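Inspection log for the structure reproduced underneath, given as structure tokens.
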Amino acid sequence: MVSPCPREEAIMEQCASVEREVDKVLQKFQTYGQHCEQSLEELLHYVGQLRVELASAALQGTPLSATLSLVISQCCQKIKDTVQKLALDHKDIHSSVSRVGKAIDRNFDSEICGVVSDAVWDSWEKQQHILQMAIVEHLYQRGMLSVAEELCQESTLNVDLDFKQPFLELNQILEALHKHDLGPALEWAISHRQRLLELNSSLEFKLHRLHFIHLLAGGLNKQLEALSYARHFQPFAQLHQREIQVMMGSLVYLRLGLEKSPYCHLLDNSHWAEICETFTRDACSLLGLSVESPLSVSFASGCVALPVLMNIKAVIEQRQCTGVWSHKDELPIEIELGMKCWYHSVFACPILRQQTSDSNPPIKLICGHVISRDALNKLINGGKLKCPYCPMEQNPADGKRIIF
């Protein structure tokens, strides 16, 4: 096991320091909540008893006694004292929350905006618009529709209905799936059957399978209905023969109870979580949406890249070479974000050591070696091209563009 470097240990200690303050706040919130609930319940019980006594005195038509008047005064004072005590405790929580902010300022560099020169970014208005759109898309994707609508109104952001509609539909279907209602998801899968097949998706089969299992859970009363529903498996018999055989075999144990049979795993609740994940992944792929919101991906990537960029900034300032990083579309060094952030293949030219792009695509030479178009143009001599890796001479026009 590789031991962490001193800087990593320092960062871990900084995070732990902030985490301790956060834990204190959470503990205070929990204690305050319990105390508040208990105090209010006692107060309500006390006021309720007094109300009964007052109602009884009113029915008897007797005037308010001195004792009862004193009890009412004591009740009012008790309510006032309880409210003041709760308000004081709540104020104490505010100070604890502020200590979290101070711990963050004390342990982390707050000037992260200075990591990159302002010249790298677009105008402030464009930045604000992009950020607002990213937040709104994130909220729609998370199903927080009312919050997204409120943000659009307050920021005067004009979001087209065509942009919102896919998120609204997907969230409605997911909400139904969380309630174990397969109807909307099945209707959606059947209406998009051909496109799902083109993606090699098994979503429709899994939905039918889960509905069949739901019928099996009903026991013998649902046996005939389950057998009738099994006809939906016919189009999937070739690709999912084994799964269908397992489900048909489970019918033998309906009389004894499926939960006590070798097929008890069919009743596992994890199938519902799995179908939600499958639907989200396949639906997003079909509609051209990312499974994770761009805001989540950007934030996670930034958390990985920011410490490296801050180190680079310190080195650049120390060596007084601020002109090294001035391009908007690239970083001064490569930052490894991990496999999770690999969304497409990339190719870096081995000659110019630059990442290829649409304007400078990778070119495959006759000999099989691949270089960028800019490198190819630089290597042309007298109308001929000599491969930098082998002695083969060739016509530059014979190079073929590669699309990864």
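List of remarks:
- Placing unit charges on each Cβ (+1 for Lys and Arg, -1 for Asp and Glu) gives the chain a dipole about its Cα centre, and among Leu239, Leu139, Leu88 the Cα reaching farthest toward its positive end belongs to Leu239.
- Taking the protein heavy atoms of the chain in the context of the full set of protein chains, the accessible area attributed to carbon and sulfur is 56 percent at 1.4 Å.
- Of all aspartates and glutamates in the structure, the ones whose alpha carbon falls short of 18 Å from that of Lys85, not counting any fewer than 8 places away in one chain, are Glu37, Glu41, Glu42.
- Gyration tensor (alpha-carbon) shape descriptor, the chain, a/c threshold 1.5: oblate
- Out-of-range pairs (alpha-carbon distance over 28 Å; input Lys179/Lys206; Lys313/Lys400; Lys179/Lys260; Lys179/Lys222; Lys126/Lys400; Lys28/Lys340): Lys313/Lys400; Lys126/Lys400; Lys28/Lys340
- Amide H contacts under 5 Å for Ile371, placed H, 5+ residues apart: Ile363, Leu365
- Listed residue (Ser201, Cys284, Ile402) projecting farthest to the positive dipole end of the chain, Cβ model: Ile402
- A Cβ-based charge dipole, computed about the Cα centre of the chain with Lys and Arg at +1 and Asp and Glu at -1, lands at about 920 debye.
- GNM flexibility winner over the chain from Arg353, Arg255, Arg231 (Cα, springs under 10 Å): Arg353
- Ranked packing of 33-39, 130-136, most packed first, by mean Cβ within 10 Å: 130-136, 33-39
- A 1.4 Å probe run over the chain, with the rest of the protein chains in place, finds 68 Å² accessible per residue.
- Charge dipole (the chain, unit charges on Cβ, about Cα centre) - positive-most of Ala348, Gln14, Ile316: Ala348
- Three-way shape label, region 231-290, alpha-carbon gyration tensor, a/c 1.5: oblate
- Here Lys24 is the anchor, and the lysines within straight C-alpha reach of less than 16 Å, apart from those fewer than 8 places off in the same chain, are Lys91, Lys102.
- Look at where the Cα atoms of region 28-63 and of region 210-250 average out, and the two centres are 57 Å apart.
The values are calculated or read from the model by the stated rules, or taken from the named source; none is laboratory data. This structure is a prediction, so every number in the text was calculated from the model and none was measured. Please note: Cβ atoms are built from the backbone with ideal geometry, for glycine as well, and neighbour counts cover all protein chains shown. All accessible areas refer to the heavy atoms of the entire protein, side chains included, with ligands and DNA or RNA removed. Shrake-Rupley method; radii C 1.70, N 1.55, O 1.52, S 1.80 Å.
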